[in-house]
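Okay, structure first, notes after.
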Amino acid sequence: MAKKTIPKKFWADRNISFEEMQKKSRTEIFAILKQFGEKQNIPNISWIGVNVLQFFLQLQKPKKVLEMGSANGFSSCIIADQLEKWDGKLLTGDVSEPSLESAQLNAEICNLQNIEFRFGNILQTIKKEDGPFDFVFIDAQKSWTHKFFMFAETLLSENGIIVVDDTQKFPDKMKSFHNHITREKDNWNWFTVPESDDAIMVFTRKKRENKKEVL
C-alpha cells in the first residue's frame, strides 16, 4: 500500500510520511501546526487563547461543542483533545474547502475520532437539531461575528459558554458585534482576557430570578 503523504500546500517542504507524523505526540503536532500557521499567516488562535480554551473546557466539561471556523484545524484539534477525556464531541466547519481538508487530515494525524466536519457557511450547515451545545467557539469571518453570535445564542444550552476570538484586533469588522452585545448586556455576563493578544471574550447567560407577585 502506498504511503499517504501530507500535502505540500500545508506542510511546505516537509517530506514526512503520514505514518511518521502519527508517531509524534499531539503536543509535538500542535507545535508544528502553530509554527507553520504563523509562517503562512493562517488565522490560528494564540497560545494564550489555547490556554483559555483548555481552562474553560476543563471547567465546563461540555459534551457537545460547536466551533465556527476550523481553518487548518489547529483549534479544532486542541478542543477535541480535551473533549476526548470525557467523551465529548466537536462539530466544526469552514467555508474554505482546502482549509477543511487540512483540518480533517490534521485530526486524522492526531487520531481524533470525536470531530465532525461540515463544509460551507456554518449558518446554513448547522441545524437547530444539532444542538443544544454546551460550549461554542467563534473564530470565523470577523465581519459576520455578530451573526455567528446571534446564531450561537439559539443553539446554546442553559448553562453554556460562548468564547469569541479576535474581538479587538479588527475594530471596523467587529463593530456590529460590539453593538449587539451592548444591546444584549442585560442577558449576558462577559469578560475579556486581558493578557490575550487577540482579546478573547467569554460569555455566560445571566441568571434570571423568578419574581413572585406581592399580593
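Each residue in segment 156-190 was checked for being of a type outside the set (S, T, N, Q), outside any loop (DSSP other than H, G, I, E, B), in contact with a helix residue (DSSP H, G or I) (Cβ under 9 Å, 6 or more places away or on another chain) and over 28 Å from W47 (Cβ atoms), and 1 pass.
Sub-8 Å Cβ pairs linking a first residue in segment 168-188 that is under 11 Å from F149 (Cβ atoms) to a second residue that is assigned to a loop (DSSP other than H, G, I, E, B), at least 6 apart or interchain, are M174/D166; M174/T167; M174/Q168; F177/T167; H178/T167; W188/K206, ordered by first then second residue. Select from segment 116-164 the residues that are touching a residue at least 40 places away in the same chain (Cβ under 8 Å) and β-branched (V, I, T) and write down the one among them that is surrounded by the most Cβ atoms within 10 Å (Cβ to Cβ). Filtering first and then ranking leaves V136. Does segment 155-188 hold any residues that are of a type in the set (S, T, Y) and within 15 Å of K206 (Cα to Cα), and which are they? Scanning segment 155-188 gives S157, T182.
Could we say that D197 is modelled with pLDDT under 95 and either in a loop (DSSP other than H, G, I, E, B) or out of contact with any Leu (no Cβ under 7 Å at 6 or more places or on another chain) (or both) here? So D197 passes the test.
Candidates F170, F151: the one that is modelled with pLDDT of 95 or more, among the aromatic types (F, W, Y), farther than 21 Å from G73 by Cβ and out of contact with any strand residue (DSSP E or B) (no Cβ under 7 Å at 6 or more places or on another chain) is F151.
The values are calculated or read from the model by the stated rules, or taken from the named source; none is laboratory data. The shown structure was predicted, so the numbers you read here are calculated from the model rather than taken from an experiment. As a convention, Cβ positions derive from the backbone with ideal geometry for all residues, glycine included, and neighbour counts pool all protein chains shown.
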